[in-house]
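All remarks here apply to the structure that follows.
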Amino acid sequence: MASATASISSHSVALRDLKAARIGAMKQQVAAAPAARAQRARAVRPLRAAEPARQPVSASAAAAPAAAPVAEDAAAAPAVEDPAPAVDYEALAQELQGASPLEIMDRALAMFGSDIAIAFSGAEDVALIEYAKLTRRPFRVFSLDTGRLNPETYQLFDKVEKHYGIRIEYMFPDAGEVQALVRAKGLFSFYEDGHQECCRARKVRPLRRALRGLRAWITGQRKDQSPGTRAAIPVVQVDPSFEGLAGGAGSLVKWNPVANVDGKDVWTFLRAMDVPVNALHAQGYVSIGCEPCTRPVLPGQHEREGRWWWEDAKAKECGLHKGNIDDQGGAAAAAHKAGGANGNGSAGAPDIFESSGVVSLTRAGVENLLRLESRAEPWLVVLYAPWCPFCQAMEASYLELAERLGGAGGGVKVGKFRADGEQKAFAQQELQLQSFPTILLFPSRTARPIKYPSEKRDVDSLLAFVNSLR
């Protein structure tokens, strides 16, 4: 009997201990739950959650701890695929190389669900939002409000929100950082020492904060936007510059659905779908950024020439896509070494302004023109770099001009001088080079060349310049 009593007693003690252990574990879980929720919220909510009442396409899901927008008719939307544990994104980019932007967008949203967002700048990248809508999947949209955008861009934001029934998740620069920069250097310091410092404060750092709450993002980059710096953009890649939710290298995936699409085809799509667009496009603006750093492009100019026009062509990137910049400096240097004194070798970008009516000048030839007090005929010379997209954009106009000036009664020699690489310092010091292309007229009876002051590079404007001075 005593042994039976002892057995029952020990069994009771064991049950009591087990119950206490379970209660203790539950208390620990309850105590830890708020901290865990707070930690997750901090990790995944750098982008402001959208308001459900205004967002039928990408409204917030009530059950989602990260308040990620989800479509109201999510039950009818296609299922979201779980991303594979390890994805070979180079192979995926090859697989999708011939895919349409809609197919690429659908794959991106299917793989990442509410952990991916579209970066919207207020320009023709509204096409990305239209593609996302057409997939019938939930999606998110964010934008960087630098505080220096055009009124027309803010108006487009409002129209896009109403058209698609969404709330754009805006990111703003740090007020203290912007205040310190403006107090130290003024409101327009970028005209004097370059735009990179201002862009870092107003664009790059806010973007970095936004991306830390995502596993992937979608951009409107196209290869034809800047042939000198964006020619190698893949449709999907591991982001080489920014970090995502998990932190560290390789934690963020970047999708570029329209990488292989020409700008004119994007506009054909926008017109066909009757989507809202920035009113500035009708005023000659193509690439649109902050108001002080954006202007319309002129005939014969490349679209990126409307951005940071006072800087060299290679500097026309703000830093948001620095991982995609194809720096051709090394190739250009190799071309100069391979090509002798003027650096017109075959390495790097192919040469431009190739025509029997355009004389390719060496440095010695240009120095002779500079020394002559009187010339038998006036000379028109373009200082160029073959990799420069703005030089490429005016090639057709310049060749037509050469044909007209070199014909009967033209009486003007037309030449070209490659002024990058080893020749750049000489061209800056002796030929008034500030950016590419620079066009000079060497009059027949004036020693010093006259620089073409306008950025209108159509044939009629150039011809008027020559005729007024020869």
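The values are calculated or read from the model by the stated rules, or taken from the named source; none is laboratory data. Everything numeric here is computed off the predicted structure, so don't read it as measured data. Quick reminder, even Gly has a Cβ in these numbers, built from the backbone with ideal geometry, and neighbours come from all protein chains shown. Just the protein is used for accessible areas: all its heavy atoms, side chains included, with ligands, DNA and RNA removed. Shrake-Rupley method; radii C 1.70, N 1.55, O 1.52, S 1.80 Å.
Numbers for the structure displayed
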| read-out | value |
| --- | --- |
| Of residues in the stretch 270-305 being open to solvent by less than 20 Å² (accessible area, probe 1.4 Å) and of a type in the set (D, E, K, R), the one modelled with the lowest pLDDT | Arg304 |
| Selection from the stretch 126-139 of residues that are closer than 25 Å to Val286 by Cα and of a type outside the set (A, V, I, L, M) | Glu130, Tyr131, Lys133 |
| Some residue of the stretch 363-386 being touching a Ser or Thr at 6+ places or on another chain (Cβ under 6 Å), closer than 27 Å to Trp309 by Cα and in contact (Cβ under 8 Å) with a residue 24 or more places away in the chain | yes |
| Options Trp308, Trp267: the member that is modelled with pLDDT of 50 or more, open to solvent by less than 20 Å² (accessible area, probe 1.4 Å) and among the aromatic types (Phe, Trp, Tyr) | Trp308 |
| Of all residues in the stretch 368-387 being surrounded by 12 or more Cβ atoms within 10 Å (Cβ to Cβ) and more than 15 Å from Val414 (Cβ to Cβ), the one that is farthest from the chain's Cα centre (by Cα) | Leu372 |
| Selection count, the stretch 85-105, where residues are among the small types (Gly, Ala, Ser), open to solvent by 30 Å² or more (accessible area, probe 1.4 Å) and part of a loop (DSSP other than H, G, I, E, B) | 3 |
| Filtered residues of the stretch 140-159 (kept if open to solvent by 20 Å² or more (accessible area, probe 1.4 Å) and assigned to a loop (DSSP other than H, G, I, E, B)) | Asp145, Gly147, Arg148 |
| The stretch 106-139: number of residues that are in a loop (DSSP other than H, G, I, E, B) and open to solvent by less than 10 Å² (accessible area, probe 1.4 Å) | 4 |
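Yes/no per residue for (1) within 25 Å of Glu177 (Cβ to Cβ); (2) modelled with pLDDT of 95 or more:
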residue: His195; (1), (2): yes, no
residue: Ala201; (1), (2): yes, no
residue: Ile218; (1), (2): no, yes
residue: Pro227; (1), (2): no, no
residue: Gly248; (1), (2): yes, no
